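Novice: I have a structure here, written as structure tokens, and I will follow up with some questions on it.
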Amino acid sequence: MTFIADANSSSKTHSTIKMVDVSLAERSYSIIIGSDLLGKGASYSVADLGKSRLLIVTNSTVAPLYLEKLQQGLEGYSHDTLILPDGEQYKNGETLNLIYDALLQKRFDRGSTLVALGGGVIGDITGYAAATYQRGIDFIQVPTTLLAQVDSSVGGKTGINHPLGKNMIGAFHQPKLVIADTATLNSLDDRQLRAGLAEVIKYGLIDDLPFFGWLESALPQLLQRDMTALAYAVEVSCKDKAAVVAADEREAGKRALLNLGHTFGHAIETAMGYGNWLHGEAVATGMVLAAAYSHHLGLLPQSDLQKITAMMVAAGLATQPPAELTADQFMAHMAVDKKVKAGRLRLVLLKGIGHAFVAEAVDEADLRRWLGGYLAV
Ligand code: NAD
Ligand code: GLY
């Protein structure tokens, strides 16, 4: 089955629809970015669905906001809906089973398609259900948070959390289409918007110095939800991510750079209890820690560390880890991170803004000592 995103089939007029392609041979797909993409006469068409049945998976917060609109856009397609409880604490096996239950009870077959309507939690868990139901069915991402539009809906990482580690159970399974309606960002609360900005800033830090420069001046507009600025941030983020994913779909090398700040961040999220620190908040602090450790190693100039910290502060993001976390706790959580290879901790570090690299075999004794000192200040 193929899915064709046709941005010209609209009965609405959209001057600002952008398409970003993720080039992965037979697994290639498009990301459509624009305002008011959902609803009747939506400016995309999902062609060749044929007789495919759709199951829209969403949650109790997003459903009252956008389910009806999405259903209007899918008029003519046979679809059911499943509304899950909302929260990172539900990104687990129990909730995943609710999706399998619905699929089996309603006799969905291998030609069916899941549609994930919501943030990264809904996208990850629905994607994992799609990866595993009857050994794999199609799915479409309709991300409604900034974080999901710039990161989690793109690239095919799907999964759930385990009590012992974040995102530890999962699969690579690419969506067939991503529909990022930036108008949905209007209903996000400020805290969630800021958490999404952390992942946007990440792309600048990894390998896009001009984008980091743009963000330095555009942050106030982004925080005020200027739709043009937000759409641009989503587009550049998706382009940056698509390029990395196209080069290294399964994280054999370069894709690990997308985990900048995540080894520290996942430790914070897991240690503090899923949902207490938002993923983006933990990643923001994690990126500051990665930058500060890079500076400690003599790799990153003080001026860059200051710029990075200032950017997080301007975005209203935390730069300090939770006071109750000790260096030993950090190290224990980081030891089960997926970046650990052959028992050796790997970290994404910085040689400059726009110049991230993977540090293999980190000196754990040095890191523990440094963390102890950093946390004590
Ligand atoms: P989330 O899915 O929990 O959404 C945040 C909150 O916003 C939720 O309460 C949600 O119901 C609500 N919400 C969603 N859309 C809304 C809207 N338009 N208006 C109002 N409220 C809305 O969190 P998130 O930040 O979107 O995603 C975080 C998750 O994504 C984490 O589990 C993280 O591990 C995962 N993630 C995955 C990848 C990947 O590559 N697969 C990348 C980054 C993060
Ligand atoms: N968010 C990291 C990745 O998609 O690889």
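The values are calculated or read from the model by the stated rules, or taken from the named source; none is laboratory data. What you see is a predicted model, and the numbers here were worked out from it, not measured in a lab. Methodologically, a virtual Cβ is constructed for each residue, glycine included, from the backbone with ideal geometry; neighbour enumeration extends over all protein chains shown. The accessibility values were calculated without ligands, DNA or RNA, using every heavy atom of the protein model including side chains. Shrake-Rupley method; radii C 1.70, N 1.55, O 1.52, S 1.80 Å.
Novice: Can you compute 3J(HN,Hα) from phi for each residue in segment 135-147, using the Karplus curve 6.51 cos²θ - 1.76 cosθ + 1.60 with θ = phi - 60°, rounded to whole Hz and x for Gly and Pro?
Specialist: Working through the residues one at a time gives 6, x, 10, 6, 8, 10, 9, 10, x, 10, 10, 4, 4 Hz.
Novice: To the nearest 20 debye, what charge dipole does segment 24-165 have about its Cα centre, counting +1 at the Cβ of each Lys and Arg and -1 at the Cβ of each Asp and Glu?
Specialist: Roughly 300 debye for segment 24-165.
Novice: I would also like to ask the following. Show me, for segment 19-36, the HN-Hα J-couplings you get by feeding each phi into the Karplus relation (A = 6.51, B = -1.76, C = 1.60, θ = phi - 60°), rounded to Hz, glycine and proline as x.
Specialist: Along segment 19-36, the couplings run 10, 10, 9, 9, 8, 9, 6, 6, 9, 5, 7, 10, 10, 9, 10, x, 9, 6 Hz.
Novice: How are the C-alpha pair distances of the chain spread across 20 Å bins, as whole percents from the shortest bin up?
Specialist: Per 20 Å bin, starting at 0, the Cα pair percentages come out as 30, 58, 12, 0.
Novice: For a quick check of your reading of the filter: which GluC sites (Glu not before Pro) in segment 268-377 sit in a DSSP loop and have no more than 14 other Cβ atoms within 10 Å? List each step's numbers first, then the result.
Specialist: Working: sites: Glu269, Glu281, Glu324, Glu360, Glu364; in loops: Glu324, Glu360.
Sites meeting the loop and neighbour criteria: Glu324, Glu360.
Novice: Rounded to the nearest whole Å³, what is the per residue volume of the convex hull around the Cα atoms of segment 63-137?
Specialist: 87
Novice: Okay, next question. Running a GNM on the chain with Cα contacts under 10 Å, which residue among Gly127, Gly111, Gly265 ends up with the highest mean-square fluctuation?
Specialist: Per the Cα network of the chain with a 10 Å cutoff, Gly111 tops the list.
Novice: Here's a follow-up. Enter the angle in degrees (range 0 to 90, nearest 10) between the Cα long axis of helix 364-376 and the first principal axis of the Cα atoms of the chain, meaning the one along which they spread out most.
Specialist: 90
Novice: Still on this structure, I have one more. Any idea what the alpha-carbon Rg over 2.2 N^0.38 Å comes to for segment 108-245?
Specialist: Ratio of Cα Rg to 2.2 N^0.38 Å: 1.08.
Novice: Please go through segment 46-118 and write out the trypsin sites (Lys or Arg not before Pro) that DSSP classes as loop and that have at most 15 other C-beta atoms within 10 Å.
Specialist: Passing sites in segment 46-118 are Lys51, Lys106, Arg107, Arg110.
Novice: Build a GNM of the chain with springs between Cα atoms under 10 Å: which of Asp80, Asp366, Asp109 gets the top mean-square fluctuation?
Specialist: Maximum fluctuation in the GNM of the chain, among the listed residues, is at Asp366.
Novice: A follow-up question, please. Checking a compactness column here: for segment 48-179, what do you get for Rg(Cα) / (2.2 N^0.38 Å), N being the number of residues?
Specialist: In units of the globular-protein estimate, segment 48-179 measures up at 0.94.
Novice: Just for the chain, what percent of DSSP beta bridges are antiparallel, to the closest 5?
Specialist: 40
Novice: Turning to a different aspect of this structure: Enumerate the amide H contacts of His79 below 5 Å, restricted to partners 5 or more residues apart or on another chain; note that Pro and chain-start residues carry no placed amide H.
Specialist: Amide H neighbours of His79: Leu54.
Novice: Another question, then. Can you tell me the Rg and the Dmax, both Å, for the Cα atoms in segment 267-367?
Specialist: 13.4, 38
Novice: Using Cα springs under 10 Å in a Gaussian network model of the chain, which residue among Gly196, Gly170, Gly93 shows the largest mean-square fluctuation?
Specialist: So, out of Gly196, Gly170, Gly93, the one fluctuating most is Gly93.
Novice: Quick one, can you get me the convex hull of the C-alpha atoms of segment 237-281 expressed as volume per residue in Å³?
Specialist: Cα convex hull per residue, to the nearest whole number: 83 Å³.
Novice: At a threshold of 8 angstrom on Cα-Cα distance, excluding pairs fewer than six apart, so keeping six or more, what relative contact order does the chain reach in percent?
Specialist: Averaging sequence separation for qualifying contacts and normalising by length gives 14 percent for the chain.
Novice: Let me ask something else about it. Note down the accessible area of Val377, probe 1.4 Å, to the nearest 10 Å².
Specialist: 150
Novice: Oh, and also: With the cut-off at 1.5 for a/c, could you classify segment 188-321 from its C-alpha gyration tensor as rounded, prolate or oblate?
Specialist: rounded
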